[in-house]
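The values are calculated or read from the model by the stated rules, or taken from the named source; none is laboratory data. Note that the structure is a prediction, hence the values are computed from the model and not measured. Positions of Cβ are generated from backbone atoms using ideal geometry, with glycine treated the same way; all protein chains shown enter the neighbour counts.
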Amino acid sequence: MTQAARDVLALHRFIDSRQNTPHEWGRAANDCVSFVLDAVKAQTGEARASKLDWHDERSGLRVIKREGGLEAAFDRYFQRIPPALAHRGDIAGVPDPGLGIHPMIVEGETLVGPADRGNRRLPRRAMTIAWSAILPAPDTER
């Protein structure tokens, strides 16, 4: 199994491109999962978790339920790592009362993800779980 390379410049360009994009549910839109999956693709060139597909909040919540929650879905498609070892571009999970976790991208000392309009940042210490953007999950079809 090969490990994808990480293109940090492409990741920065992706994050900048979403700076003024409003939050909207949908795999082709700008919700937290779409943002994270698109950030992974931007930096690795790999489209991961293609089975996660939705077009609005209702269908998104159905997909999350079908997957057993966001944490289980990310475990299925990505390799979990200790938060302290998460690098720029890896996936961070922040506690969320509605969804269990809110996925974001590690930017360095901050985490970034979509807000109502543009990007929202939280301190790295908000992360309680993490996944590698470049290591594939064991025994997973992507």
Quick one: how many residues across segment 117-131 are assigned to a loop (DSSP other than H, G, I, E, B) and touching a strand residue (DSSP E or B) at 6+ places or on another chain (Cβ under 7 Å)?
2
If you take just the strands (runs of 3 or more DSSP E) that sit entirely in segment 38-113, which of them hold at least 2 residues that are touching a residue at least 40 places away in the same chain (Cβ under 8 Å) and crowded, with 21+ Cβ neighbours inside 10 Å?
100-106
Is it true that residue 81 is at pLDDT 95 or above, β-branched (Val, Ile, Thr) and out of contact with any helix residue (DSSP H, G or I) (no Cβ under 7 Å at 6 or more places or on another chain)?
yes
So in segment 107-130, with the set limited to residues that are farther than 14 Å from residue 88 by Cα and in contact with an Asp or Glu (Cβ under 8 Å, 6 or more places away or on another chain), which one is modelled with the highest pLDDT?
129
Scan segment 114-128 residue by residue and report those that are surrounded by fewer than 20 Cβ atoms within 10 Å (Cβ to Cβ) and farther than 13 Å from residue 32 by Cα.
122, 123, 124, 125, 126, 128
With respect to residue 134, determine if the residue is in a strand (DSSP E or B) and modelled with pLDDT under 95.
yes
